[in-house]
Amino acid sequence: ERVSLLSALQTWREVKAGSEVGRAGAADEAQARDNYFEIRARSENALSQLFNTEIRLRRLLGLSANDGNVMRPTTEPITAMVVPDWNLCLTEALAKRPELRKQKWNIKSLELQHKAAEMLVNPRLDFVARYQINGFGDRLTGNDTSQFHSAYASLVQGDQTGWALGFEFSMPIGFRGAVTQVQNLEHRLTKARSILSEQEVEISLELASVMQQMSQNYQTAKTNFNRRRAAERRVQAFMAEYKAGRTTLDLVLRSQISLSQAETAYFASLIGYNRALAELKFRKGSILVDSNVFLSESLWTPVAYEDAMRR
């Protein structure tokens with residue numbers, strides 16, 4: 001919009017200068033002036049939207065509303081064609097998406113609970129052993145020399161010991177509680193696996209949609225770029241014909257408006273393409289790693305890492 005504004009201003013000045021010397025009429029000057037102020041209003045609205053977007057970004061980053069600086073990207077948008085590999089992206093998404101990892105750990109927990117519940121269904125047979133030291137006496141303490149006069153004395157002597165060996169067998173009738181618990185965990189496990197399957201399908205559809213948006217925005221940006229070049233040549237041609245007196249100012253202004261629209265469409269589709277690239281990283285679950293943001297934690301046992309890689 002800023003480039004279009006400068007172009008309209010230059011056209012208005014040239015037409016105004018021509019009207020002062022009689023080369024252009026008052027209607028042409030008024031039309032050029034009207035076109036300039038129309039584009040100026042559009043440019044001011046675009047600038048206001050830019051400032052509002054910056055305020056939203058500052059709110060997300062926790063920055064002050066106004067620190068005397070204007071935020072702007074340090075790199076240009078990507079214009080190269082990116083062709084991601086479908087199988088690689090899908091594998092990466094299924095391995096890194098946090099909701100899938102959370103659901104897989106939930107399934108692992110339910111599997112361990114189910115295994116423990118199945119143990120409770122079986123009869124229980126335990127081997128037990130017991131050894132005890134007894135103390136007998138008519139009194140707790142005393143100085144009498146009789147055998148059972150002092151309980152503490154007989155306890156310290158260790159003559160009244162006892163031991164036992166044996167087996168304990170227990171089997172609840174019907175195992176109704178244990179069987180109900182196993183069935184409940186089986187239902188929960190089936191539900192969790194179904195949720196995981198639906199999540200994987202949903203993620204695959206999200207990836208397909210993002211890749212389609214990438215292809216569409218890139219092709220649209222390419223088409224709008226060619227449209228922009230054609231609009232530039234159109235403006236140059238009409239401007240030369242107007243200066244030569246072979247065309248009207250209306251066609252010149254129309255070509256400038258068309259150029260402005262072509263430039264706006266080109267940059268809009270280019271930004272849509274870059275947003276689709278960022279969306280692809282987000283849907284793959286690799287946007288933090290690709291942005292060099294890592295989360296660290298203490299090391300687990302090697303068996304836990306092997307289990308995570310295997311699953």
Might you let me know whether the range 75-92 holds any residue that is open to solvent by 100 Å² or more (accessible area, probe 1.4 Å), of a type outside the set (Lys, Arg) and in contact with a helix residue (DSSP H, G or I) (Cβ under 8 Å, 6 or more places away or on another chain)? yes
Pairs under 7 Å by beta carbon, first residue in a helix (DSSP H, G or I) in the range 229-249, partner among the charged types (D, E, K, R) and open to solvent by less than 70 Å² (accessible area, probe 1.4 Å), six or more apart or different chains? Leu249/Asp28
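Can you name the helices (runs of 4 or more DSSP H) wholly within the range 46-162 that have at least 3 residues being of a type in the set (S, T, N, Q)? Walk me through how you get there before you give the answer.
Values: elements: 86-96, 98-121, 151-157.
Result: 98-121.
Without any contact (Cβ under 8 Å) to a residue 60 or more places away in the chain, part of a helix (DSSP H, G or I) and surrounded by 12 or more Cβ atoms within 10 Å (Cβ to Cβ), is that true of Tyr218?
Working: without any contact (Cβ under 8 Å) to a residue 60 or more places away in the chain: no; part of a helix (DSSP H, G or I): yes; surrounded by 12 or more Cβ atoms within 10 Å (Cβ to Cβ): yes.
No.
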Do we have any residue at all in the range 30-41 that's surrounded by 15 or more Cβ atoms within 10 Å (Cβ to Cβ) and outside any helix (DSSP H, G or I)? no
Between Ala230, Ala304, Ala237, which is closer than 30 Å to Ser109 by Cβ, out of contact with any helix residue (DSSP H, G or I) (no Cβ under 7 Å at 6 or more places or on another chain), aliphatic (A, V, I, L, M) and open to solvent by less than 60 Å² (accessible area, probe 1.4 Å)? Ala304
Within the range 2-11, identify whether any single residue is open to solvent by 60 Å² or more (accessible area, probe 1.4 Å), touching a residue at least 60 places away in the same chain (Cβ under 8 Å) and either within 23 Å of Gln256 (Cα to Cα) or out of contact with any Pro (no Cβ under 6 Å at 6 or more places or on another chain) (or both), and answer yes or no. yes
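Quick grid of which residues meet (1) open to solvent by 90 Å² or more (accessible area, probe 1.4 Å); (2) within 30 Å of Gln219 (Cα to Cα); (3) without any contact (Cβ under 8 Å) to a residue 24 or more places away in the chain; (4) part of a helix (DSSP H, G or I):
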site: Leu277; (1), (2), (3), (4): no, yes, no, yes
site: Asn292; (1), (2), (3), (4): yes, yes, yes, no
site: Glu297; (1), (2), (3), (4): yes, no, yes, no
site: Met309; (1), (2), (3), (4): yes, no, yes, yes
Exactly one condition in (1) at pLDDT below 75; (2) surrounded by 12 or more Cβ atoms within 10 Å (Cβ to Cβ) is false for Gln103; which is it? (1)
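Would you check if there is a residue in the range 47-60 being under 30 Å from Leu249 (Cα atoms) and modelled with pLDDT of 85 or more?
Yes, the range 47-60 contains at least one residue that is under 30 Å from Leu249 (Cα atoms) and modelled with pLDDT of 85 or more.
The values are calculated or read from the model by the stated rules, or taken from the named source; none is laboratory data. All of these numbers come straight from a predicted model, not from anything done at the bench. Using ideal geometry, Cβ is built from the backbone for each residue, glycine included, and neighbour counts are taken over all protein chains shown. Side chains are part of the model used for accessible areas, which takes the heavy atoms of the whole protein and leaves out ligands, DNA and RNA. Shrake-Rupley method; radii C 1.70, N 1.55, O 1.52, S 1.80 Å.
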